[in-house]
1. Estimate the FRET efficiency between SER43 and ILE386 by the formula 1/(1 + (r/R0)^6), using the beta-carbon distance for r and 30 Å for R0, to the nearest 0.05.
2. Calculate one ³J(HN,Hα) per residue across the stretch 268-284 by plugging θ = phi - 60° into the Karplus curve 6.51 cos²θ - 1.76 cosθ + 1.60, and present them in order as whole Hz with x for glycine and proline.
3. Please find, in a Gaussian network model of the chain (springs between Cα atoms separated by less than 10 Å), the residue of ASN304, ASN116, ASN87 whose mean-square fluctuation is greatest.
4. What distance in nm separates the simple spin-label points at TRP221 and ASN87, each placed 7 Å from Cα in the Cβ direction?
5. Work out how much length THR367 to ASP126 would gain on full extension: take 0.36 nm times their residue separation and subtract the Cα-Cα distance, in nm to one decimal.
6. If you add up the charges near ILE386, with Lys and Arg at +1 and Asp and Glu at -1, over every other residue whose beta carbon is less than 14 angstrom from its beta carbon, what do you get?
7. Quick one: which residues, 5+ away or cross-chain, put their amide H under 5 Å from the amide H of THR367? H built at 1.01 Å from N.
8. From the square roots a ≥ b ≥ c of the eigenvalues of the alpha-carbon gyration tensor of the stretch 158-216, which class results: rounded (a/c under 1.5), prolate (a/b over b/c), or oblate?
Amino acid sequence: MSRIAICLLLLALTGSPAAARGTGDLGLFIERASSSAQIIETSTNTSIGRVSELGDLSHASVVYSRDTRYAYVFGRDGGLSKIDILNAEISARILQSGNSIGGAISQDGRLVAVSNYEPGGVKVFDADTLALIADIPATFGDNRQRSKVIGLVDAPEHKFVFSLWDGDEIWVLDMSNPSSPQIEKFRDIGRNPYDALITSDGRYYLAGLFGEDGMAMLDLWNLESGVTRILPNYGKGEQKLPVYKMPHLEGWAVAGDFAFVPAVGHHEVLVINMRNWKEAGRIKVHGQPIFVMARPDGRQVWVNFALPDNDTIQVIDTQTLAVIRKLKPGKGVLHMEFEPRGEEVWLSVRDENRVEVYDTRTFERKTSLPATKPSGIFFTARAHRIGL
């Protein structure tokens, strides 16, 4: 059969030329001011489509189906939108709460979970239809008060893990049997967990604490050991420094045996020895870090900052722990995303209405795309990584 005949057969079977295209080099970025998202291609560094009417995207995040055909967008207004990125259209959309702050997709790709501020809790949906599967209220204390939920991540063995900001707890939600969810609760983990991360092997869940110094760590391989407090000097300290924007721990970086995380309220990046979970050093940087992200090979760490320094990017060499480059992409650099093999990095420059692409070897700007108040950037490679 000729190549043309094969193409015609594919079109006949699928009904759409878009279905014959791969998705491995695709992604999207959020346009927060226009309730839209642009679909982008990393092979040619171009925008290939836009999807609108996605609701309040002021703190939006995205996960992907395991076949990377669909993107699930979590809006701040409680909206959950399923986008067909090949056809640039909304496949399904629901308003599932009053105020939400992100979500995750299960290990097998069949369930999508959303963490909610209002009312506090987690809701789990069927990834195909967005039908509600489970509603988990985040209640705590004798008065059964509701807590805001933050730090929701997927974990192996069909689990989700999240923290209760008001309740000072970490919960492990087992969805192995979707009709009968099981919850294991860990109480008194420290005051006001504000964000969390999970290691790439899915073993350790770490929650940063806003109400006191330190982090809470849960070993998911040994839940019977409970929560361990680590890094007692991580935080604002006795001086109670102002925090202009909360650091994002999900943007943490790993290089070899070391992890790099933004220090709360300080102009520093904290270096953690992952063999013993102790502080191994601090790197002075330009401002208060927001995202600290590693190039996929671990050779570099890129850092962006809160106001008034959010026009700057610094690059850290992970061998020397030295800042090797300072870039000025423009005002309002909100988010960074490395291409899957790390040769380029995409930056959203919100206040100048563009997304920029930089070469990570030469630090040269490769291209610039117009955008309406861009924020989060998410590539489909995330579909195959734990916790993203």
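All of the numbers you see were taken from the coordinates with simple rules; none came from a lab. All values derive from a computational prediction rather than experimental measurement. Glycine also receives a Cβ, built like all others from the backbone with ideal geometry; neighbour counts cover every protein chain displayed.
1. Numbers: r = 26 Å, r/R0 = 0.85.
About 0.70, to the nearest 0.05.
2. 8, 10, 8, 9, 10, 7, 6, 6, 10, 6, 10, 5, 10, x, 9, 10, 5
3. In this elastic network of the chain, the residue with the biggest mean-square fluctuation among ASN304, ASN116, ASN87 is ASN87.
4. Spacing of the two 7 Å Cα→Cβ label points: 4.4 nm.
5. 82.9 nm
6. Details: positive: ARG66, LYS159, ARG203, ARG382, ARG385; negative: ASP108, ASP154, GLU157, ASP201, GLU250.
In short, 0.
7. HN-HN under 5 Å from THR367: VAL357.
8. Values: a/c = 3.10, a/b = 1.62, b/c = 1.91.
Oblate, because a/c is 1.5 or more while a/b does not exceed b/c.
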